[in-house]
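Visitor: One structure follows; several queries about it will come next.
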Amino acid sequence: MPGPKAALYALHRLPTRVEARLAARFDVTWNRHDGDVPVAALVARADQFDGFISTVTDPLPAEVFQPGRRLRIVGNFGVGVNLIDLDAARVAGVVVTNTPGVLTDCTADLTIALMLMTLRRLGEGERLLRAGAWRGWRPTHLLGRRVTRRTLGIVGLGRIGQAVARRASAAFGMRVLAATHRGAPAALGSDLTVEWCGLDDLLRRADVVSLHCPATPETTGLIDKRRLGFMRPDAVLINTARGALVDHVALVAALAAGRLGGAGLDVLPDEPAVPPGLLDAPNVVLLPHLGSATEETRTAMGDLVADNLEAFFEGREPPHRVA
């Protein structure tokens, strides 16, 4: 006779097919409200469940990971694990996994969309039209800037950064500069040509700066007041990585003073809260963290969560273990 199913607590709802797969294999309790779960509640549930299914927006601090608790694994839905105390998890013997690779294309596509929306002022135009304030076509109305043959600066040339570089150079003939805090990747595809430079030099030269770094203590506040000051007044900043990379107080001040041409942001530092000043900034495009939000990608991410959990509870090494 098979033993009892491992008990899992899912902090958020998942695509229907993924939920069905997990329910067939595990005893899953879903957070039916699909909202934030207080840390105190997670601490209590760490004694009630064998595993958690978390997401990139769920904080799992050290108090969740105490030796002797029932919790044995966290299957993170997403790549970023910066909100999980990995050191505490290791000490407590809790395995942590993530879902790399499958969201590359969709996040790169969204980066290009934000670039187009910001440079071409599409958000401003859409809001104007919906408000009933459009007075008709005029030669000087809402003049943006073309994307073709501009200089793109990519900060962090991992999988997503390289996918953005390919799209930008192939579709728009953009020149690509690259800087990374980890050094150059071991190999770039033969179809990809980039110019490596220092971060400050990249900020001075690029028409568009796109961030693709993980959030770490080293990269938190990477784009601060000083570095925003290096950017040209007509340049735009795109962030589809992590909100913590940018000092948003400094960003709002630069935009308001005309020291920066615009920003396209899919991520914010304390989601879902929006930093003061951003909602009122006409030259900012704001999205509610949609980088991987396609049916295909979110289902593929869920399948990787299931792969990791199934491997662990079958006594195998999870394919995407990070701690």
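Visitor: Determine the per residue accessible area of the chain with all protein chains present and a 1.4 angstrom probe, expressed in square angstrom. Working shown, then result.
Guide: Working: 15180 Å² over 323 residues.
Using a 1.4 Å probe on heavy atoms only, each residue of the chain averages 47 Å².
Visitor: How big is the gap, in Å, between the Cα center of the stretch 1-24 and the Cα center of the stretch 272-323?
Guide: 18 Å
Visitor: Once phi is turned into ³J(HN,Hα) by the Karplus curve 6.51 cos²θ - 1.76 cosθ + 1.60 with θ = phi - 60°, what whole-Hz value does each residue of the stretch 255-264 show in order, with x for glycine and proline?
Guide: 5, 5, 8, x, 8, 8, x, x, 8, x
Visitor: If you take the Cα Rg of the chain and divide it by 2.2 N^0.38 Å, with N the number of residues, what do you get?
Guide: Numbers: Rg = 21.5 Å, N = 323, 2.2 N^0.38 = 19.8 Å.
Dividing the Cα Rg of the chain by 2.2 N^0.38 Å gives 1.09.
Visitor: Going by Cα centres, the stretch 49-77 and the stretch 212-258 are how many Å apart?
Guide: 31 Å
Visitor: How high is the relative contact order of the stretch 201-323? Use alpha-carbon pairs under 8 Å, at least six apart in sequence, and give a whole percent.
Guide: Relative contact order here is 19 percent.
Visitor: May I pose another question? Return the sequence-ordered ³J(HN,Hα) values of the stretch 215-229 in whole Hz as given by the Karplus equation 6.51 cos²θ - 1.76 cosθ + 1.60 applied to θ = phi - 60°, using x for Gly and Pro.
Guide: 8, 9, x, 5, 9, 4, x, 4, 9, 10, 4, 5, 6, 4, x
Visitor: Nearest 10 degrees is fine. How inclined is helix 159-172 to the longest principal axis of the chain, computing both from alpha carbons?
Guide: 30 degrees
Visitor: Tell me, what HN-Hα J-couplings in whole Hz come from the Karplus equation 6.51 cos²θ - 1.76 cosθ + 1.60 at θ = phi - 60° for each residue of the stretch 52-58, using x for Gly and Pro?
Guide: 10, 10, 10, 10, 5, 9, 9
Visitor: With a ≥ b ≥ c taken as the square roots of the eigenvalues of the C-alpha gyration tensor of the stretch 29-93, please select rounded if a/c is under 1.5 and otherwise prolate if a/b is larger than b/c or oblate if it is not? Before the final figure, lay out the partial values.
Guide: Values: a/c = 1.64, a/b = 1.17, b/c = 1.41.
Verdict is oblate for the stretch 29-93.
Visitor: Do you know the relative contact order of the stretch 173-260, to the nearest whole percent, from alpha carbon pairs under 8 angstrom that are 6+ apart?
Guide: RCO, the stretch 173-260: 28 percent.
Visitor: So what is the relative contact order of the chain, in percent, for Cα pairs below 8 Å that sit 6 or more residues apart?
Guide: On the way: 608 pairs, mean separation 57.0, N = 323.
It comes to 18 percent, rounded to a whole number.
Visitor: A further question on this structure: Can you list residues from other chains, or at least 5 along the same chain, whose modelled amide H is less than 5 Å from the amide H of E195?
Guide: Residues meeting the criterion, in which the H sits 1.01 Å from N, are V176, L177, A178.
Visitor: Taking the Cα-to-Cβ direction at H33 and at R70 and moving 7 Å from each Cα, how far apart do the two end points lie in nm?
Guide: 2.1 nm
Visitor: Then there's this: On the protein heavy atoms, probe 1.4 angstrom, tell me the percent of accessible surface of the stretch 1-113 carried by carbon and sulfur.
Guide: Working: 2720 of 5000 Å².
Carbon with sulfur: 55 percent of the solvent-accessible area.
Visitor: Ok, one more. Can you give me the long-range amide H partners of I238? Hydrogens built in the peptide plane at 1.01 Å from N, cutoff under 5 Å, separation of 5 or more residues or another chain.
Guide: Answer set, sorted by chain and number: V209, S210, L211, G264.
Visitor: Let me ask something else. Counting every Cα pair in the stretch 181-323, what percent are over 25 Å apart? It would help to have the intermediate numbers written out before the result.
Guide: Values: 4265 of 10153 pairs.
Tail fraction, whole percent: 42.
Visitor: Something else now. Nearest 5 percent is fine: what portion of the DSSP beta bridges confined to the chain is antiparallel? List each step's numbers first, then the result.
Guide: Working: 1 of 40 bridges.
Approximately 0 percent, going by the DSSP bridge assignments.
The values are calculated or read from the model by the stated rules, or taken from the named source; none is laboratory data. Here the structure is a predicted model, which means the values were calculated and not measured. So basically every Cβ, Gly included, is an ideal-geometry build from the backbone, and we count neighbours across all protein chains shown. Quick note on the areas: whole protein, heavy atoms, side chains included, nothing else; ligands and nucleic acids left out. Shrake-Rupley method; radii C 1.70, N 1.55, O 1.52, S 1.80 Å.
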